[in-house]
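The values are calculated or read from the model by the stated rules, or taken from the named source; none is laboratory data. Just so you know, these numbers come straight off a predicted model, no measurement behind them.
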Amino acid sequence: MNDFPEICVVIPTLSEASTIARVIEGVRPFATRVLVIDGDSPDGTAQIAHDAGAEVVIFREPGKGRAL
């Protein structure tokens, strides 16, 4: 745990398999919760994010704005 108040980092994704684990690792020291909103990526982004410790929601509507 860290000394920050409850902070949730929300990361909208679509086919980010090559970078999502690094992004989650980078924000983890500043967040109490990491939430990945995945656009039903075909490349395994959601599973990689889950394995990296993020909560994952699959969101099948187009657009990062809608995901947020």
Pick from the stretch 1-24, criterion acidic (Asp, Glu) and more than 25 Å from ARG60 (Cα to Cα), ranking: modelled with the highest pLDDT: GLU6
Output for the stretch 25-47, where each listed residue is among the hydroxyl-bearing types (Ser, Thr, Tyr) and modelled with pLDDT of 95 or more: THR45
